[in-house]
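Here the structure comes first, spelled out in structure tokens, and everything after it is commentary.
The values are calculated or read from the model by the stated rules, or taken from the named source; none is laboratory data. The structure presented is a predicted model; accordingly, all values stated were derived computationally and were not measured. Here the Cβ positions follow ideal geometry from the backbone for every residue, glycine too, while neighbour counts run over all protein chains shown. Side chains are part of the model used for accessible areas, which takes the heavy atoms of the whole protein and leaves out ligands, DNA and RNA. Shrake-Rupley method; radii C 1.70, N 1.55, O 1.52, S 1.80 Å.
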Amino acid sequence: MPPVLPLQLKPSPRAISLYYFGIFAVLGVYLPLFPSWLQAREVRGLAMGAIAATLPAMGLVAPPVFGFLADALGVRVWLIRAACAGALAVFALLALSSALGVALGFGGLFLAALGFAFFRAPMFMMADVVAMDASMSSGIAYGRLRLWGSISFALMAIAGGALIDPARPEAFPAVMTAALLAAFIVSWLLPARGEAPFRRPGQQRGEAAAQAPDAASSVRQRARALLQGRDFRLFLAASFLAQSANSSYDLCYTLHLRDTGFPESLVGVAWAVGVAAEIALMAFSGPLLQRFAPPTLLAFAFAGAALRWALLSSVRWWPALLAIQPLHAVSFGMMWVASIAYTRDRAPPQVLATAQGLFSASAGAGSVIGMLAWGELYKRGGGSLSFGVASITASIAFVLAVTFARSTRRSVPGSSVFSASSQYQE
């Protein structure tokens, strides 16, 4: 069995918060500016869509792979560092080619985006696993650690849009390289002294190597047993549907505001209100998770999402559209922290990273399917159709959440992730 790290060797809350700040700064630059940078490189239409699709596509592949490796090898922080180094290498090469004036065609840009997407997924997924450990050892709510990522994303999105000119070939990859270098440096603040692949304290290297196949086999057996649980399968299905519905917001929200006559100058404010509500929810998520079981909060989050998308599909008055935005705290913020809490409470410690990888993959699959559907639905019926269908999708997720809440085999009054006093029950 891979060793469980002693509590004293687990990352401090300050270190994991700083790491979240660093990696979300990367996304704060990448997501808003990458499409414009591609467009300035004459990459448009289907070619741009194929390159942009690498991010959610790798969200299906990389998290389960890295999650299994983390549990089988008994390493987490070292995988985070490896992922940061891989993403850094990709953009360093991209920045070098831009500085030298070497124009990359579609193939080169696609491979670069694919490489970054592969390493980006575990940078975030494994951070959640490490944050769960840090929260357990410190008693500080996971949401209070994770909110620094939301703050960083908002700050970098604003600063990047104002200071970086995507038309300059070298500007975007240079800033991305700097941000990834900072994230890689910060990853070394996460202590990994207790991580020894396949080896328990006191074991010799030869003895540990002989037990390596047994460790991997143990992880596979425990993961298989987890997936055989009806409640966990329903949780993954609900996560798939909920994230599929949420992706309508990512793709169509700005278009919907424009089409309903929302003031152009306030579009950024509307997005900021949603992020601010998300940050507030995460800051005060601890008491919620101590009072309510994660499946209950997930059902509430999916119901809130269904309400939010239904309102967006029908409301046309722009002040009302702005007033709806705080529901982002429920439809995304509560959904995310409750999902992390449920995964931590439901999965045995030996396969926690694998379980988190499966959740990330199910959410990623929902995002991929949603991105393929919402654009076509919006073209046919605008926001009324796309957000109306999203509301129905979230409602189905709510029904599944109620079902798996009733069938969860462990009755957990609160979450071990958010409460220092509660303990995981095997």
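State whether the residues of segment 209-230 include one that is modelled with pLDDT of 85 or more, out of contact with any strand residue (DSSP E or B) (no Cβ under 9 Å at 6 or more places or on another chain), small (G, A, S) and buried (at least 20 other Cβ atoms within 10 Å of the Cβ). No, every residue in segment 209-230 fails to be modelled with pLDDT of 85 or more, out of contact with any strand residue (DSSP E or B) (no Cβ under 9 Å at 6 or more places or on another chain), small (G, A, S) and buried (at least 20 other Cβ atoms within 10 Å of the Cβ). For first residues located in segment 94-114 and under 15 Å from A40 (Cα atoms), partners that are open to solvent by 40 Å² or more (accessible area, probe 1.4 Å) and lie 6+ apart or on another chain with Cβ distances below 6 Å form the pairs S98/P169; S98/E170. Restricting attention to segment 86-122, the residues that are surrounded by fewer than 18 Cβ atoms within 10 Å (Cβ to Cβ) and within 30 Å of P349 (Cβ to Cβ) add up to 0.
Rundown of residues vs (1) closer than 23 Å to A277 by Cα; (2) hydrophobic (A, V, I, L, M, F, W, C), yes/no style:
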position: L321; (1), (2): yes, yes
position: G375; (1), (2): no, no
position: I392; (1), (2): no, yes
position: F404; (1), (2): no, yes
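Take G333 and tell me if it is within 19 Å of G143 (Cβ to Cβ), in contact (Cβ under 8 Å) with a residue 40 or more places away in the chain, buried (at least 24 other Cβ atoms within 10 Å of the Cβ) and not aliphatic (A, V, I, L, M). It is true that G333 is within 19 Å of G143 (Cβ to Cβ), in contact (Cβ under 8 Å) with a residue 40 or more places away in the chain, buried (at least 24 other Cβ atoms within 10 Å of the Cβ) and not aliphatic (A, V, I, L, M).
Residues in segment 345-393 that are open to solvent by 10 Å² or more (accessible area, probe 1.4 Å) and not in a helix (DSSP H, G or I): P348 only. Assessment of segment 268-291 against the conditions (outside any helix (DSSP H, G or I), modelled with pLDDT under 90 and open to solvent by 10 Å² or more (accessible area, probe 1.4 Å)) yields at least one matching residue.
Evaluate the following for A178: is it more than 21 Å from the chain's Cα centre (by Cα), without any contact (Cβ under 8 Å) to a residue 24 or more places away in the chain, surrounded by fewer than 21 Cβ atoms within 10 Å (Cβ to Cβ) and within 20 Å of F119 (Cα to Cα)? First the steps, then the outcome.
Values: more than 21 Å from the chain's Cα centre (by Cα): yes; without any contact (Cβ under 8 Å) to a residue 24 or more places away in the chain: yes; surrounded by fewer than 21 Cβ atoms within 10 Å (Cβ to Cβ): yes; within 20 Å of F119 (Cα to Cα): yes.
So A178 passes the test.
Per-residue answers, yes or no, for (1) over 14 Å from L190 (Cβ atoms); (2) part of a helix (DSSP H, G or I); (3) in contact (Cβ under 8 Å) with a residue 12 or more places away in the chain:
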{"site": "M126", "(1), (2), (3)": "no, yes, yes"}
{"site": "A131", "(1), (2), (3)": "no, yes, yes"}
{"site": "M136", "(1), (2), (3)": "yes, yes, yes"}
{"site": "M156", "(1), (2), (3)": "yes, yes, yes"}
{"site": "A167", "(1), (2), (3)": "yes, no, yes"}
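Scan F404, F418, F398 and give me the residue that is at negative phi, hydrophobic (A, V, I, L, M, F, W, C) and at pLDDT 90 or above.
Criteria check complete, one pass: F398.
In a loop (DSSP other than H, G, I, E, B) and over 16 Å from T393 (Cα atoms), is that true of F232? Spelling it out, it is not the case that F232 is in a loop (DSSP other than H, G, I, E, B) and over 16 Å from T393 (Cα atoms).
Conditions tested, residue by residue: (1) closer than 25 Å to A361 by Cβ; (2) open to solvent by 10 Å² or more (accessible area, probe 1.4 Å).
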{"position": "F124", "(1), (2)": "yes, yes"}
{"position": "S135", "(1), (2)": "yes, no"}
{"position": "G143", "(1), (2)": "yes, no"}
{"position": "L147", "(1), (2)": "yes, yes"}
{"position": "F153", "(1), (2)": "yes, yes"}
{"position": "A157", "(1), (2)": "no, yes"}
{"position": "A162", "(1), (2)": "no, yes"}
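Candidates are the residues of segment 250-267 that are of a type in the set (A, V, I, L, M, F, W, C) and open to solvent by less than 30 Å² (accessible area, probe 1.4 Å); the one that is nearest to the chain's Cα centre (by Cα) is C252. The residue that is farthest from the chain's Cα centre (by Cα), counting only those in segment 49-80 that are surrounded by 18 or more Cβ atoms within 10 Å (Cβ to Cβ) and more than 23 Å from V129 (Cα to Cα), is I51.
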